[in-house]
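What follows is calculated from the coordinates using simple rules that are stated; it is not laboratory data. Everything quoted here is computed from the prediction, not taken from an experiment. Backbone-built Cβ (ideal geometry, glycine too); neighbour counts: all protein chains shown.
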Amino acid sequence: MEIEDILSDVKKEIKIFLKNNPDWIIIIRWATATWKSKLSILLSEFLDIEIISADSRQIFKYMDIWTDKVPLNIRKKIPHHQIDIVAPDQIYTAWQRKEDTERLIENIKKDKKTPVIVWGTGLYIDTIYKNFSMPSCPPDYELRKQLEEKELNNPGALHKELLNIDPEEANKLHPNSIRYIIRALEIFYKTQATKTAGYLQSAPQWPILMLWLRREKEDTNHRINTRIKEMLKDWLIEEVRKLIIKWYSPDLQSMQWIWYKETVEYLKWNYNLEKLEDMLKQNTHHLAKKQRTRFRRYLTEGKDAPRDNVFYKVFNLSG
């Protein structure tokens, strides 16, 4: 089943929702390869919308193919936000994302348009959906460097440190999840409040129409395989090579994500292209599996304990 096959049903749900909730936003979410972006673009045919990307990778400049950004010619016709806003060696926190997304929503609504948030990263969606009260804590690069050095000299030290400060958050994290541990410690040392205490949930600020696009495992994996072949044809390897030439270190956080990390390894060890393709498929299938598990929990919540001010609707794209 294609996106166009469900479009009339989506239109119907939106019309019902709009009638009862004039002050509204739309969120489109599900796992990778479910064509969320395509649906958001099709919505522009009958709604005056602006699109906000909630993808943690599309924020980075010069990283286009592997992040599967909407083509520039479409972005010129339909305003897209939160794309190409920072360099690959910069850090953009969830706190910054929440602040910027709320500002964007208000500005879009002032222009009498509909904000459409397209899921990429669960935490970024949850800053709006679960309306976290997040501490105002910009990154402190010197503190992060000190913490990294501490961990380098004594592996496991940061996780133990976080266990003493914020045991609830520490128990969520693997001791090797250094980036997340450092962020939790940074929040505490800069605000004197733990991440657990600071991330309190409340009802969303705006009525939300939550559209879930669902595909079965076999269908999703087939589309993933097709996408990977297309990315390799579209000069993914050359894009990665150019970034390294620009002196963007392979050790950067932005370089460690799926697809990019494997391509860096390919360039480093010069193994054959078939092996790279197999690695990309295997790791992306694993990512999709984790995303399906995560969003099944969201579906259960929407059914058994729906949040105030949220209307949930699932569209099945398999079959």
Inset, instruction - Can you tell me the dipole magnitude for the range 141-198 around its Cα centre, using point charges on the Cβ only (Lys, Arg +1; Asp, Glu -1), in Debye to the nearest 20? - result: 100 debye
Inset, instruction - Determine the relative contact order of the range 141-198: mean sequence separation of Cα pairs under 8 Å and six or more apart, normalised by residue count, in whole percent. - result: 30 percent
Legend entry - Lys, Arg +1 and Asp, Glu -1 on Cβ, resulting dipole of the chain about Cα centre, debye, nearest 20: 500 debye
Inset, instruction - Sort H159, H222, H174 so that the residue with the fewest other Cβ atoms within 10 Å of its own Cβ comes first and the one with the most comes last. - result: H174, H222, H159
Inset, instruction - Could you work out how far the C-alpha centroid of the range 154-185 sits from that of the range 229-308, in angstrom? - result: 25 Å
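Using 0.36 nm per residue, how much length does the chain from E274 to E149 gain when fully extended, once their Cα-Cα distance is taken away?
Extending this stretch completely gives an extra 41.2 nm.
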Inset, instruction - Work out the charge dipole of the chain with +1 on the Cβ of Lys and Arg and -1 on the Cβ of Asp and Glu about the Cα centre, then indicate which of V10, W212, S56 is farthest towards its positive end. - result: V10
Inset, instruction - Can you find, among T300, I244, Y271, the residue farthest towards the positive end of the dipole of the chain? Put +1 on the C-beta of Lys and Arg, -1 on that of Asp and Glu. - result: T300
Legend entry - Residue of L72, L47, L243 that the Gaussian network model of the chain assigns the largest fluctuation, springs spanning Cα pairs under 10 Å: L72
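Could you please rank I59, I65, placing first whichever residue has the fewest other Cβ atoms within 10 Å of its Cβ?
Values: I59 26, I65 20.
Going from sparsest to densest Cβ surroundings: I65, I59.
Treating the beta-carbon of each Lys and Arg as +1 and of each Asp and Glu as -1, no other charges, what is the dipole magnitude of the range 122-249 about its Cα centre, to the nearest 20 debye?
Result for the range 122-249 is approximately 340 debye, rounded to the nearest 20.
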Legend entry - For the chain, calculated [θ]222 nm from helices alone, where every DSSP H run of n ≥ 4 adds -39500 (n - 2.57): -16500 deg cm²/dmol
Inset, instruction - For each of F17, F188, F46, count neighbouring Cβ atoms within 10 Å of the residue's Cβ, then give the residues from fewest to most. - result: F46, F17, F188
Legend entry - Farthest positive-ward along the range 1-119 dipole, Cα basis, beta-carbon charges - from W66, L42, N107: N107
Inset, instruction - With a Förster radius of 41 Å, plug the Cβ-Cβ distance of N171 and F46 into 1/(1 + (r/R0)^6) and report the FRET value to the nearest 0.05. - result: 0.30
